[in-house]
Every structure is written in structure tokens, then in C-alpha cells.
Amino acid sequence: MTTTTTAPMHTSSSLRVIVAVDAESAARMAAERISALIRTRPTAVLGVATGSTPSPVYRALQTLRRTEGLDLTRASAFALDEYVGIDPRRSQSYRSVIDAEVTRPLGLDPLRVAVPDGSAPDLVEAGRAYEEGIRSTGGVDLQILGIGHNGHIGFNEPGSAHDSLTRTVDLTPETREANARFFDGRIDQVPTRALTQGIGTILRAREIVLLAFGPGKAAAVARALEGAIERSSPASALRKHRAVTILLDKAAASMLG
Ligand code: F6R
């Protein structure tokens with residue numbers, strides 16, 4: 001079901017794959033979809049990811065804010081995850097990343113932007129409260145996702161139950177290795193645990209847009225879309241959802257059959 005094009009994204013009752021000419025144009029499509037949602041529903045609830053992949057989406061949203069007056073002041077946002085035990089003021093915390101890439105540049109109300117509290121004394125309670133926070137807003141309208149090399153979404157590593165909710169998880173060595181680039185290349189500085197929305201939490205979003213760029217993501221994308229739907233392949237769970245768009249550059253799509 002691969003579409004090779006720059007065709008407009010649509011929300012059908014199925015999974016749709018779009019291979020864009022490059023990452024920037026894929027990111028623009030995601031930003032335009034968000035912008036269209038906000039126009040029809042200014043109080044929309046966004047699910048936001050961190051990492052390298054969504055950064056061009058947030059930059060494209062800044063452009064739309066400047067050029068088309070995109071107004072996110074009444075929108076809410078929920079981040080996917082946070083490292084356990086990290087000081088939220090550190091630049092590597094996902095709280096800081098969301099502040100720097102989403103809340104401030106896009107003009108969201110900081111009171112309407114939530115990040116899991118990885119420093120909470122009671123992380124079980126923090127997970128429960130996060131679920132309740134999402135529920136109390138009426139649920140996520142549109143969730144932006146990246147994908148790990150091992151197929152993780154959020155920090156739901158292989159083996160995560162597809163109906164899991166917000167909880168603490170152990171990060172795999174490969175995920176910590178991949179994220180060492182944000183910690184001066186020092187894997188020993190990368191926290192070993194995270195508080196993450198579960199796969200079940202993610203699947204409750206009304207619409208999901210997953211982006212993946214570069215050859216390093218090709219195997220994970222192919223397995224998610226064409227392999228078995230199973231716990232060892234967290235992103236394969238997206239095929240159970242009704243409205244998923246996968247936005248790829250050519251390199252990330254290169255292993256699709
Ligand atoms: C980020 C997240 C992760 C990343 C994934 C890809 O909040 O939950 O699932 O989306 O690790 O990271 P990048 O985009 O840095 O390759």
C-alpha cells in the first residue's frame with residue numbers, strides 16, 4: 001500500500017504510506033495536516049514526540065505560524081515520554097526539548113503542555129495521573145510519532161504489550177546508544193529508564209502520523225508495515241489503528257516490498 005508521491009495526506013479508515021521526495025517535504029505534509037486540524041478545531045489535543053525526526057515538523061509549523069497565522073494558543077499537547085530521574089531543567093530532558101521545540105516557538109500555553117514526570121517520587125502514580133490528564137482533555141486528536149531502530153514507538157521497546165499504558169520501562173542498550181548523541185556521545189550518561197505512554201495509550205489517539213527518515217530506519221519501517229503484528233515489533237501495533245499515516249523519505253522506504 002505504498003504511495004510514491006507528494007500526494008496530499010488524507011485520513012482514511014486505514015493505514016496510508018506516503019513516500020515523499022525528501023524529509024523536509026514529509027515534515028511539511030505533517031505540519032499542514034496539524035494546521036488543518038487546528039483550523040477546524042483550535043482546541044485540538046496534539047501528541048508530540050521528541051528526538052530528531054519531528055524537529056523539521058515543528059520547524060514547518062513555525063513557518064506556518066509566521067506565514068499563515070497558525071494559532072496554537074488554544075491547543076494542548078502531551079509528550080510521549082521522559083527519562084526517569086533526569087532533572088527537567090537539563091537540556092537533554094524531554095521537558096526541555098518540548099519547551100524549546102514546541103511550546104515556546106509555536107506559542108502554546110505552557111499550562112496546556114504536559115510531559116510525563118520522570119522525577120516523580122511515585123512513578124506508578126505519575127503514569128496513572130498522565131493517563132488521567134490525557135483522558136480529561138477528551139483524548140489526543142493527532143499523535144506525531146518517530147520510530148526507533150528496533151521498532152519502538154514512544155519508549156515502548158520490543159516486548160511491550162500492545163495494550164500497555166503509561167509506565168516506567170527499561171531502555172535497551174541500542175536505544176541508549178542511539179540517544180548517546182544527545183549526551184555528548186556518552187552512553188553512560190543516558191538514563192536507563194523512562195516513563196512512557198504505552199502502546200495502548202498511543203493507539204487511543206484519533207489519528208496518528210508516524211515519520212521516519214534515513215536508511216537506518218528502513219528495516220524498522222519494513223518490519224512494522226510488512227512483518228507480523230507482534231510484541232517484538234512495537235510499531236506493528238499501528239496496523240490495528242483506523243487512521244494512521246506513515247510519512248517516509250525514500251531511504252526509510254527502501255526496504256518496503
Ligand atoms: C521520542 C520517542 C522515540 C523516538 C525514536 C526515534 O519521544 O518517543 O520513540 O521517536 O527513538 O528517535 P529519532 O527521531 O531521534 O531517531
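Computed values, structure above
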{"item": "Options Gly146, Gly69: the member that is within 15 Å of the ligand (Cβ to nearest atom) and either of a type outside the set (A, V, I, L, M) or within 14 Å of Gln197 (Cα to Cα) (or both)", "result": "Gly146"}
{"item": "Selection within region 130-175 - loosely packed, with under 15 Cβ neighbours inside 10 Å and of a type in the set (Lys, Arg)", "result": "Arg135"}
{"item": "Strands (runs of 3 or more DSSP E) lying entirely in region 147-230 (those with 2 or more residues that are in contact (Cβ under 8 Å) with a residue 12 or more places away in the chain, touching a strand residue (DSSP E or B) at 6+ places or on another chain (Cβ under 8 Å) and closer than 23 Å to Ser119 by Cβ)", "result": "167-170, 193-196"}
{"item": "Residue under evaluation Ala178, criteria (1) of a type in the set (Gly, Ala, Ser); (2) surrounded by 21 or more Cβ atoms within 10 Å (Cβ to Cβ); (3) under 23 Å from Ala27 (Cβ atoms); (4) within 9 Å of the ligand (Cβ to nearest atom), criterion not met", "result": "(2)"}
{"item": "Single residue of Ala36, Ala75 found to be among the hydrophobic types (A, V, I, L, M, F, W, C), more than 13 Å from the ligand (Cβ to nearest atom), free of Cβ contacts under 8 Å to residues at least 24 places away in the same chain and farther than 29 Å from Ala180 by Cβ", "result": "Ala36"}
{"item": "All positions within region 21-30 that are assigned to a helix (DSSP H, G or I) and away from the ligand (no atom under 16 Å from the Cβ)", "result": "Ser25, Arg28, Met29"}
{"item": "Within region 43-66, considering residues that are under 16 Å from Arg206 (Cβ atoms) and surrounded by fewer than 24 Cβ atoms within 10 Å (Cβ to Cβ), the one nearest to the ligand (Cβ to nearest atom)", "result": "Val45"}
{"item": "Out of Gln143, Gln62, Gln92, sole residue that is out of contact with any His (no Cβ under 9 Å at 6 or more places or on another chain) and assigned to a helix (DSSP H, G or I)", "result": "Gln62"}
{"item": "Checklist (1) of a type outside the set (Phe, Trp, Tyr); (2) more than 17 Å from the chain's Cα centre (by Cα); (3) within 15 Å of the ligand (Cβ to nearest atom) applied to Gly198, failing item", "result": "(2)"}
{"item": "Residue in region 116-136 that is within 21 Å of Ala36 (Cβ to Cβ) and modelled with pLDDT of 95 or more present", "result": "no"}
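The values are calculated or read from the model by the stated rules, or taken from the named source; none is laboratory data. Just so we're clear, the structure is a prediction, and the values are computed from it rather than from any experiment. Positions of Cβ are backbone-derived with ideal geometry, glycine not excepted, and every protein chain shown enters the neighbour counts.
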